[in-house]
Each structure stands twice: as structure tokens, then as C-alpha cells.
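Read through the structure below, which is laid out as C-alpha cells, and then see the notes.
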Amino acid sequence: MHGDLTEAELHTYRSSQREPADLDAFWAGTLAEARTAGGEVRLDPVRTGLTTLDTYDLTFPGFAGEPVRAWLRLPRGAAGPLPAVVQYVGYGGGRGDVLENLLWASAGYAHLQMDTRGQGSGWSRGATPDSGPAGPQAPGMMTRGITDPHGYYYRRLITDAVRAVDAARTLPAVDPARVAVLGASQGGGLALAAAGLLPDLAAVVAYVPFLCDFPRAVTGTDAYPYREIADYLAVHRDAEERVHRTLSYVDGVNLARRATAPARFSAALMDEVTPPATVFGAYHAYAGPKEITVWRYNGHEAGQADDDRAALEFLARHLAPKE
């Protein structure tokens, strides 16, 4: 069924999320730490049996310089440097198998698909551990370190997302001025976060983005993963203020207010995982040029191939060489 707001109401809805006063300083310090922590980008060729793509097992320094895995896929024989798509993965997944997710490289882009630290044992495999502090948490990743923004899991993962773009820009095959970020659900939320923290991206694609408009999301759906936060607060009843303060540092609404790259969103009116109001909360806050497609009869799967088709057209416009 449709959510609690009509489609017309979604177009006028605005999130109640507020910014912490030190949001910019928090992220500037976090990223400066990561960039000065050292580490190198490493590429190891992978034999796949494919004749149209070259694939590499890529490792780059993420949060605190910690190694993060990724796949790099390049169209074989293409003249570089190429425009690049940096892709982030949905909740519970990792970078998956080397033979999965061949669309973006097949379209002519350098495709860096980032692994997701500590995840990757749900619906696709991962290869990157999370080094963050342990503590009381609800099952899943949403409440790991949630009472302190400095120790929160998503501080580390968002930093990885930014550093993945940094890594892509060091590659000889990539044109650093033509890099886009893309993802669905958690991946879409990471794309919005990267857009807010990197001032010079070429384009952003966020399908049904997660990690947005936490004040509404936590009480607006019973579906997981947002439900993990409600589960935690049902036990830690005195932690509500601290939890929501932490979430405000990673909320896509707050980070979208800082983004300037052209962005394409999608929302699904029957989505219980990322309720459409939360997507529109981030969409309306987004400071750069933007467009959105609404899928009226879909849930969290959203537009699938139709979303991809629209994204291919969008990226072709924004990643074309400058004349």
C-alpha cells in the first residue's frame, strides 16, 4: 500500500532534521584524518574469462587509512582516461562476485564497486572487516556505536565512500573531472553523503536512498533496517537524544544540503524499507540541480532496469567530455 503521504503531499514535504552546529568541522576533521593516515591504492588483475572487460581486485585506504576492497572493471581496449562510476552497495551486501554487476563498465565507464566494511554476508559477499569499537547494539549495523558520532559505524562507512572517489581519481584510466557516484538504498544514501562531502563530482544517482530523514524514518516504518534503531531505543530508553544527535551527522538530508553536482533520485510509493517521505526529505534538501522519478506501484525494488536505463541516459549527459 502507499505510505502516509500522498504523492502531492510528498512534493511539499520537508524534513524536520536539524544540523549539529559542528557538522562541517566534524566531517572536515574526519576526512583530513583519513587522508593523512597513509595507505596505498593497489590493483591486482583478475582472470574472469570475459573478453570485453578487464577486471582488478582493488584495495584502497579508507577510514583511518584502513584497507577497503573493491572491484575495478574497465572496458577492454577503450581509450582513456575514462569517465568513472563509483558504486556503493545496499544494506547487508558486499562487492559480490567478480562476474556480477557488469552494466556500467559495459556502457564504457571505469566502474569502481566499493565493498562495504563489516557487511557482505546477507545477499552478496564482502571482503572488508570493520574495525570499529564494540558495544551494546541491536542485531545489524545501524546501532553499532550509535551513542557517539565519532564511534558510529556510518562515520567509517561514509569516509570509505569518499575515499573510494579519491582512489578512483588516482587511477591512470580515470578522468578525475568526470566521476559520478551511484547506489541504491544504503548505496544511494552513501552516494548522497559523498556528494555532500566532495565539492566536484560530475553526477549523483541515488535510487530509493536509505540513511535519510532519520526523525521520520525511525518512527515511520516498522521495516528493517530502520527498525534496528527503534529496537535499540525500546531497550535503551534513556538514549534517544544521544542517538538522534549521532544520526544527524550522517543523515542524507543534512549532507544533501551541501551537494552541488547534478543528481537523479528515485522513490517508490509502496516502499516500506525507505519510505518515500524520507527520500523526498533528502531530495528537497539537495542543493544542486536534481530530478526524481516516482514509481507508484513499486516497493523497495523501485524501477530496477527502468531506473538503470534512466541512469544511463543521465550519466551520458553529465559525464560526456567537456567541449
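At a glance:
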item: Full-stretch length increase - residue 76, residue 296 - with 0.36 nm per residue and alpha-carbon distance subtracted; result: 75.3 nm
item: Segment 1-79 versus segment 122-189: alpha-carbon centroid distance in Å; result: 6 Å
item: 3J(HN,Hα) from dihedral phi, segment 130-141, Karplus parametrisation 6.51/-1.76/1.60, rounded to Hz, x for glycine, proline; result: 9, 9, x, x, 8, x, x, 7, 6, x, x, 9
item: Net charge dipole size for the chain [Lys, Arg +1 and Asp, Glu -1 on Cβ; Debye, nearest 20]; result: 580 debye
item: Burial ranking of peptide ranges 199-205, 182-188 (average Cβ count within 10 Å, highest at the top); result: 182-188, 199-205
item: Accessible-area composition of segment 9-151, carbon plus sulfur, in percent [1.4 Å probe]; result: 53 percent
item: Exposure rank, largest accessible area first [247, 5; 1.4 Å]; result: 5, 247
item: Sparsely packed trypsin sites (Lys or Arg not before Pro) within segment 72-113, loop by DSSP, other Cβ within 10 Å at most 16; result: 76
item: Accessible area of the chain divided out per residue, in Å², using a probe of 1.4 angstrom; result: 41 Å²
item: Calculated [θ] (222 nm, deg cm²/dmol) that DSSP helices of n ≥ 4 give over the chain, each run adding -39,500 (n - 2.57); result: -9500 deg cm²/dmol
item: Rounded percent of accessible protein surface that carbon and sulfur make up, segment 230-322, 1.4 Å probe; result: 50 percent
item: Net lengthening on full extension, residue 12/residue 50 (0.36 nm per residue, minus Cα-Cα); result: 8.9 nm
item: Net charge of Cβ neighbours under 11 Å - reference residue 300; Lys, Arg +1; Asp, Glu -1; result: -3
item: For residue 259, residues with placed amide H under 5 Å, excluding near neighbours; result: 287, 288
item: The chain - percent relative contact order, Cα under 8 Å, separation 6 or more; result: 18 percent
item: Label zone at residue 287 (point 7 Å along Cα-to-Cβ), backbone N below 14 Å, segment 185-216; result: 193-201
item: Gain in span if fully extended, residue 260 to residue 123, counting 0.36 nm per residue against the direct Cα distance; result: 46.1 nm
item: Inter-part distance where segment 190-223 and segment 298-323 are each reduced to a Cα centre, Å; result: 17 Å
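The values are calculated or read from the model by the stated rules, or taken from the named source; none is laboratory data. Quick caveat, the model's predicted, so the values are computed rather than measured. No Cβ is skipped: glycine too gets one built from the backbone with ideal geometry, and neighbour counts run over all protein chains shown. Just so you know, the surface numbers come from the protein's heavy atoms only, side chains and all, with ligands and any DNA or RNA stripped out. Shrake-Rupley method; radii C 1.70, N 1.55, O 1.52, S 1.80 Å.
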